[in-house]
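Q: Sharing a structure with you now.
The values are calculated or read from the model by the stated rules, or taken from the named source; none is laboratory data. Keep in mind it's a predicted model, so treat the numbers as computed, not measured. Cβ coordinates were reconstructed from backbone atoms using ideal geometry, including for glycine residues, and neighbour counts include every protein chain displayed. Note: areas computed on protein heavy atoms with side chains; ligands, DNA, RNA excluded. Shrake-Rupley method; radii C 1.70, N 1.55, O 1.52, S 1.80 Å.
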Amino acid sequence: MKSEPLLELKDVTHEYRVGGGLGIVGRSTIKALVSVSFSVPSEKPVSIGLIGESGSGKTTIARLILGLLEPTYGKVLYKGKSVSEWLRKNKLAYLKEVQPIFQDPYSIYNPFYRVERILKAPLKKLKIVNDGKAIEDMIISAMKDMGLRPEDILGRYPHQLSGGERQRLMLARILLIKPRLIVADEPVSMIDASLRAIFLDQLRVLKDKIGASCLYITHDLDIANCVADSLIVLCQGNVVEEGSTNEIINEPLHPYTKLLLSSIPAPSPKARWKDRMQLAEATSLSEQARVEKGCIFWPRCPYAMDVCKKERPPMIEVEPGRRVLCFLYVK
Ligand code: SF4
């Protein structure tokens, strides 16, 4: 019998209200996510890459999982219970199990706290350990494991650290908390390209060490290829393709994924991200509003048929674990 997923999004739609401000008549809604469903299994730790350009809805998914937003329709379940129920009834347990890594760690650190206080706070708050000496030993060990030199870093404030050090501090924090699920939202986009590969390697070591699953959110297919076992491709708030990383990179099915792959010049995580994914600007939320009917991708799809302009395509399971949202695969 298949066990209950660790995390499950069931038919999740999220709408944002826009307009209606001073001097603006009327309000409208933008669908950031449309009927999104996927799950993270609980049997063994996995890494799932959530890939999409700016405005595709991937950060909205992260915010829903972290309980910073509620779905307009559908459910976000962790171990079978809704995230809102976890946060209402057992918030500390949820925070212990699900931890984020943000794009800009600087924004989440209290600028008046020194490094040791930043690392001590979650250990005490989440009641992981109370003994002062044990806390100090754990902090020093976690910092060393993540390539930080405690003798250099302890006693400093966040603004006195480099971007790479702040991100590794976030990894050390996660190593201390030992969550079951890490939600990493573009964690390397603000660190220097030369340090990116080191960070991704440390993330992999960390995940293996604590046996955590990771939902890695990125606009960069090369990075997703380095860190994820499987991929979920998002386009304008829709999951358009899902499968193993190997299958998607080598045999993409959806025309949008094919376009994403063709716009990547070189498979190197050290390359500058700005040089890739020219597609990003082309499919913003504002363009989404223009596609009112049919497949969200039809205006740019070289294979568009009449039906694509009139009806939303079905999600086709071409084989177990391999899904695509496209009329081309209807049998
Ligand atoms: Fe292209 Fe039609 Fe498939 Fe949409 S459903 S991706 S328009 S072929």
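Q: Between P150, P179, P302, where does the largest GNM mean-square fluctuation fall for the chain, given springs only between Cα atoms within less than 10 Å?
A: Result: P302 has the largest fluctuation of those listed.
Q: State the extension gain, in nm to one decimal, for the chain segment bounded by R117 and D145, taking 0.36 nm per residue of separation less the distance between their alpha-carbons.
A: On the way: separation 28, 0.36 × 28 = 10.08 nm, distance 1.85 nm.
Extending this stretch completely gives an extra 8.2 nm.
Q: How much space per residue, in cubic angstrom, does the convex hull of the C-alpha atoms of the range 68-143 take up? Intermediate values should be presented prior to the final figure.
A: Numbers: hull volume 9.8 nm³, N = 76.
So the per-residue hull volume is 129 Å³.
Q: How big is the gap, in Å, between the Cα center of the range 133-199 and the Cα center of the range 58-114?
A: Here the answer is 20 Å between Cα centres.
Q: Given DSSP loops and a limit of at most 12 other Cβ atoms within 10 Å, what is the longest stretch of the chain that contains no such GluC sites (Glu not before Pro)?
A: On the way: sites that count: E43, E292, E311.
The reported range is 44-291.
Q: Under a 10 Å cutoff between Cα atoms, tell me which one of A172, A62, A93 has the largest fluctuation in the Gaussian network model of the chain.
A: A93
Q: Let me ask you something else. What length, rounded to one decimal in nm, is gained on full extension from K258 through to S54, with 0.36 nm per residue of separation minus their alpha-carbon distance?
A: Values: separation 204, 0.36 × 204 = 73.44 nm, distance 1.74 nm.
Difference between extended and current length: 71.7 nm.
Q: So if we plug the beta-carbon distance of D131 and R88 into 1/(1 + (r/R0)^6) with R0 = 41 Å, what FRET efficiency do we get, rounded to 0.05?
A: Details: r = 31 Å, r/R0 = 0.75.
Working from the Cβ atoms, E equals 0.85.
Q: Go ahead and set up a Gaussian network model of the chain, Cα springs under 10 Å, then flag whichever of D208, D220, D306 fluctuates most.
A: Checking each option, the largest mean-square fluctuation is seen for D306.
Q: Of K144/K178; K58/K309; K310/K331, which sit over 21 Å apart, Cα to Cα? Spell out each step's value before the answer.
A: Details: K144/K178 16 Å; K58/K309 25 Å; K310/K331 19 Å.
Flagged as over cut-off: K58/K309.
Q: If the chain between D201 and D306 were fully stretched, how many nm would it gain, using 0.36 nm times the residue separation less the Cα-Cα distance? Before the final figure, lay out the partial values.
A: Working: separation 105, 0.36 × 105 = 37.80 nm, distance 4.64 nm.
Gain on stretching D201 to D306: 33.2 nm.
Q: Output the antiparallel fraction of DSSP beta bridges having both residues in the chain, as a percent to the nearest 5.
A: On the way: 29 of 47 bridges.
Counting DSSP beta bridges with both partners in the chain, the antiparallel share is about 60 percent.
Q: Working from the pairwise distances between different alpha carbons, so that the mean of 1/r is found and then inverted, what is the chain's Kirkwood radius in Å? Write down the numbers at each step before the final one.
A: Numbers: mean 1/r = 0.0474 Å⁻¹.
Result for the chain, one decimal place: 21.1 Å.
Q: Could you calculate, for the range 222-261, the ratio of the Cα radius of gyration to the Kirkwood radius, expressed as Rg to Rh? Present the calculation step by step, with values, prior to reporting the outcome.
A: Details: Rg = 9.3 Å, Rh = 10.1 Å.
The Rg/Rh ratio comes out at 0.92.
Q: Provide C226, C326 ordered by accessible surface of protein heavy atoms (probe 1.4 Å), highest first. Walk me through the intermediate numbers first.
A: Working: C226 55, C326 15 Å².
Of C226, C326, the descending order of accessible area is C226, C326.
Q: Which cross-chain or sequence-distant (5 or more) residues have an amide H under 5 Å from the amide H of G49, H modelled 1.01 Å from N in plane?
A: Y216, D229, S230, L231, I232
Q: Convert 10 °C to kelvin, take the viscosity as 1.306 mPa s, use the Kirkwood radius over C-alpha pairs of the range 118-195 as Rh, and evaluate the Stokes-Einstein diffusion coefficient in µm²/s, rounded to a whole number.
A: Values: Rh = 13.3 Å.
Reported coefficient: 119 µm²/s.
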